[in-house]
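Q: Sharing a structure here in structure tokens format.
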Amino acid sequence: MGDFAAIERDLLAALKHDGARLLEELLNDPALPGPENPPQTDEENYGARPKVVLTCLGWITLRRPYFYSATRQVGRFPLDAALGLVDSYSPGVARWMCRAGTLAGSYQAASQDLLTYAGLDIDARQIQRMIVHLAPSMARWRGSQGPVFSPAAGDIFCVSTDGTGAPMRRKELPGRKGKRGGKARTREVKVGTVFTHRKPDQPDQRPERDDNSTTYIADIIPAQEFGSLLRAEALRRGIARARVVVFLGDGAVWVWKLARINFPEAVCILDYYHACEHLMLLASALYGEGSPLAKKRFRRWRKALLKDKIAQVMAQAKEDLPTRSQPCQLAKKQIAYFERNRSKMMYQTFRQAGYFIGSGVVEAGCKTVVGQRLKQSGMLWSRKGARQLLTVRCALLSGWFDGFWKHHNSAGQTRAFAE
């Protein structure tokens with residue numbers, strides 16, 4: 001039988017070649033009903049113009065009528081719109097390019113994946129340009145969608161946000177300060193998640209997210225703008241019908257300002273694990289870093305947080321303030337943190353209500369949405385390129401990527417027939 005893999009490969013190539021020729025003949029057949037698109041009053045039909053298009057079967061050449069208005073100095077190809085072509089690519093290929101470029105570790109890897117799995121030789125730069133070209137259309141389409149109410153959604157509606165750094169090119173970092181006064185190497189990507197869950201049946205049961213209920217947004221914009229985007233996503237996801245709205249976050253000031261402005265009705269919960277980190281800092285400032293007493297107090301206070309005893313923790317911390325200036329200032333800083341977030345740390349109450357007390361969903365989202373794609377070794381991004389890639393990646397991970405392409409294909413045909 002010889003090399004079976006080679007037989008498969010050659011047979012597939014032959015079938016695709018023949019399929020491409022059949023598709024080319026079909027689309028160029030004068031008898032094929034096309035878009036009923038006669039020239040407008042100020043247009044002239046300049047006859048058929050050729051265009052080479054890459055389809056899932058391979059390259060084909062289309063001959064399509066060209067209408068031009070000398071008055072408006074605008075030309076158009078109705079067939080291009082009817083077929084949903086994106087530059088020189090069929091909608092099927094454009095969709096594959098977006099998917100591969102977003103999910104692969106790099107654009108070069110995406111190019112290799114398309115060649116390996118689909119037999120399409122597409123340069124990595126073309127995949128990048130496709131994503132940059134289509135991402136704004138995806139964002140506009142998503143923004144135009146009305147509320148979607150899932151009958152499987154639970155009665156507890158959760159919103160969470162966090163930030164993570166993405167490595168940027170030097171020209172994207174003018175005037176920005178890095179950590180500890182050094183040079184900035186990243187810009188903050190703000191990530192938001194929306195998901196639903198039901199109250200657990202048993203008191204000792206932990207809540208679990210509803211299947212396929214998590215959607216993401218991510219962008220490199222100021223917190224005020226991001227808050228509006230997160231609010232819009234929550235409205236699309238049906239926050240208006242939620243019995244309870246919970247907002248989860250860490251101790252960052254911008255996070256709670258965003259929550260206060262955009263989700264004033266929410267039950268705000270400070271991530272328990274972030275609270276524990278600050279407890280350790282407090283114990284270290286009071287009793288000495290790594291000391292047996294610091295470890296003992298931390299273990300006791302961590303349990304106290306789970307019993308709604310934050311007031312007792314603060315009272316003991318204030319009694320034990322050190323006399324030395326620097327440790328005293330460090331301890332007061334942590335005490336102020338707990339005072340500021342006291343109402344968000346009633347973890348026993350929150351657990352009894354069946355809520356999450358950790359922001360692990362959005363922290364995992366930071367790794368999945370941003371880290372796995374934008375933080376590969378040697379990567380440096382432009383702000384525009386990173387933002388467009390994040391739009392498409394969120395579409396894929398949130399489950400509305402296919403919905404956009406259905407709209408894209410049907411809208412192209414509608415426009416062509418309506419012009």
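Q: Could you list, in sequence order, all residues of the stretch 255-288 that are buried (at least 20 other Cβ atoms within 10 Å of the Cβ) and β-branched (Val, Ile, Thr)?
A: Val255, Ile269 - these are the residues of the stretch 255-288 that are buried (at least 20 other Cβ atoms within 10 Å of the Cβ) and β-branched (Val, Ile, Thr).
Q: Same structure again: State yes or no: is Asp250 touching a His at 6+ places or on another chain (Cβ under 7 Å), surrounded by fewer than 18 Cβ atoms within 10 Å (Cβ to Cβ) and closer than 29 Å to Thr102 by Cα?
A: no
Q: Among all residue pairs at least 6 apart or on different chains, which show Cβ distances below 9 Å where the first residue, located in the stretch 322-345, is within 15 Å of Cys268 (Cα to Cα) and the second is among the acidic types (Asp, Glu)?
A: Every condition considered, the pairs that remain are Met345/Asp308.
Q: Turning to a different aspect of this structure: Taking the criterion of being of a type in the set (Asp, Glu), in a strand (DSSP E or B) and closer than 22 Å to Tyr273 by Cβ, would at least one residue in the stretch 171-188 satisfy it?
A: Yes - at least one qualifying residue is present in the stretch 171-188.
Q: Sticking with this structure for a sec: Quickly run through the stretch 83-135 and pick out the residues that are of a type in the set (Gly, Ala, Ser), surrounded by fewer than 19 Cβ atoms within 10 Å (Cβ to Cβ) and either closer than 23 Å to Arg63 by Cα or touching a Lys or Arg at 6+ places or on another chain (Cβ under 8 Å) (or both).
A: The answer is Ser88, Gly92, Gly105, Gly119.
Q: Answer yes or no as to whether Ala240 is touching a Pro at 6+ places or on another chain (Cβ under 6 Å) and either part of a helix (DSSP H, G or I) or closer than 17 Å to Val191 by Cβ (or both).
A: It is false that Ala240 is touching a Pro at 6+ places or on another chain (Cβ under 6 Å) and either part of a helix (DSSP H, G or I) or closer than 17 Å to Val191 by Cβ (or both).
Q: Sticking with this one: Out of all the residues in the stretch 337-388, which are among the aliphatic types (A, V, I, L, M), crowded, with 22+ Cβ neighbours inside 10 Å and under 30 Å from Arg125 (Cβ atoms)?
A: Correct list: Val369, Val370, Leu374, Ala386.
Values in this text are rule-based calculations from the coordinates and carry no lab data. Note that the coordinates shown come from a computational prediction; the quantities given were computed from them, not determined experimentally. Glycine also receives a Cβ, built like all others from the backbone with ideal geometry; neighbour counts cover every protein chain displayed.
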